[in-house]
Amino acid sequence: MPVAMKFAVLTIFPEMVAPFAAHGIVRRAVESGRVSISVVDIREFAAGRHRVTDDRPYGGGCGMVMKPEPLAAAVRAARRQMPEALTVHLTPQGRPFDQDLARQLAREKGLVLVCGRYEGVDERICQDFVDAEISIGDYVLTGGELAAMVVMDAVIRLIPGTLGHEDSAEQDSFCDGLLEHGHYTRPSRFEGHGVPEVLLSGNHAEIRRWRQETALIRTFLKRPDLLAQRPLSDAETAILKRWCRDIERLLQRQAEHRADASPGDQQEG
Ligand code: 9D3
């Protein structure tokens, strides 16, 4: 199996990243030869007996900055190994990572992932040694390593052949812009809770309909932002209209009950 995607992770904490390749789908992807992951210790490119990788910021202020020379040397060495790779800096200032970006990155031949620590990386590295900047979200981490692993994880499962079931990547949430329906397995009763009857029926058309409907309603309830930016199919429009009609009918009936029960509530004269 030819390597479909090469990763190099540049970090001062290689022990943090190494175990990432040791489990599950990622491990299988590496063992099958579809993916290679090399973890590069930036410190090995640092000069002097103490192999210092950080220094105080020009202009003063708290915190330390990653020195440019070791990083530059590490990026150059990684690129020499993978000349076609895209060099990505994981930084809070980067483009927010999402499934679209994961799909884009999965088309690359290789990724050199530069993990910052401390307050950040010398700006001249950002300018001259990096093709793209990525953030994994608006919260503050202590470094880029977890972000690099998040990016690799999302990208690796998109590489053909890495998921057991070939079409699972196409079916999951965000692929069609909806959250997934609920999942159930045995036992059929668990601590007082059953399984939706339709899933036990063996009627596959009905099951498909139930899954489509619950996925849509669940997305509306939990992530309305996903629906706002996504066109609805005719089937989906029909499902939502039916819920709308059912809710209107319920409200109508409630209003009628109220009118019967307490005529005093009505405005008269
Ligand atoms: C005080 C200013 N901080 C910026 C918000 C400085 C700072 C905090 C944390 C600089 C770097 C970091 C370490 N974070 C990352 O390296 C990082 C990150 C993140 O913190 N959140 C989301 N995505 C990413 S990607 C890399």
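Laboratory data are not the source of any read-out in this text; all were calculated from the coordinates shown. The structure presented is a predicted model; accordingly, all values stated were derived computationally and were not measured. Here the Cβ is made from the backbone with ideal geometry for all residues, glycine too, and neighbour counts use every protein chain on show.
On the basis of the beta-carbon distance and an R0 of 41 Å, R28 and H257 show a calculated FRET efficiency of 0.10. The Rg/Rh ratio for the chain, using Cα coordinates for both the radius of gyration and the Kirkwood hydrodynamic radius, is 1.16. Taking 0.36 nm per residue of separation and subtracting the current Cα-Cα distance, fully stretching the chain between I207 and K241 would add 10.2 nm. Taking 0.36 nm per residue of sequence separation and removing the Cα-Cα distance, the R107/Y58 pair yields an extension gain of 13.7 nm. Mind giving me the FRET efficiency for A73 and Q127? R0 is 25 Å, r the Cβ-Cβ distance, nearest 0.05 is fine. Plugging the Cβ-Cβ distance into 1/(1 + (r/R0)^6) gives 0.90. Applying Stokes-Einstein at 10 °C and 1.306 mPa s to the Kirkwood radius of the range 8-115, computed over alpha-carbon pairs, gives a translational diffusion coefficient of 102 µm² s⁻¹.
For the range 188-269, the alpha carbon convex hull comes to 194 Å³ per residue, rounded to a whole number. Here each label is just a point 7 Å from Cα along the line to Cβ, and for H183 and E197 those points are 2.6 nm apart. Note on the chain: antiparallel DSSP beta bridges, both residues inside, total approximately 10 percent of the bridges counted. Comparing Cα centroids, the range 34-76 and the range 209-269 end up 57 angstrom apart. Straight-distance candidates among the lysines for linking to K222, with alpha-carbon spacing under 26 Å and chain neighbours fewer than 8 residues away dropped: K241.
Across the range 234-243, coupling constants 3J(HN,Hα) worked out from phi with the 6.51/-1.76/1.60 Karplus curve, θ = phi - 60°, read 4, 4, 5, 4, 4, 4, 5, 5, 5, 4 Hz, and Gly and Pro carry x.
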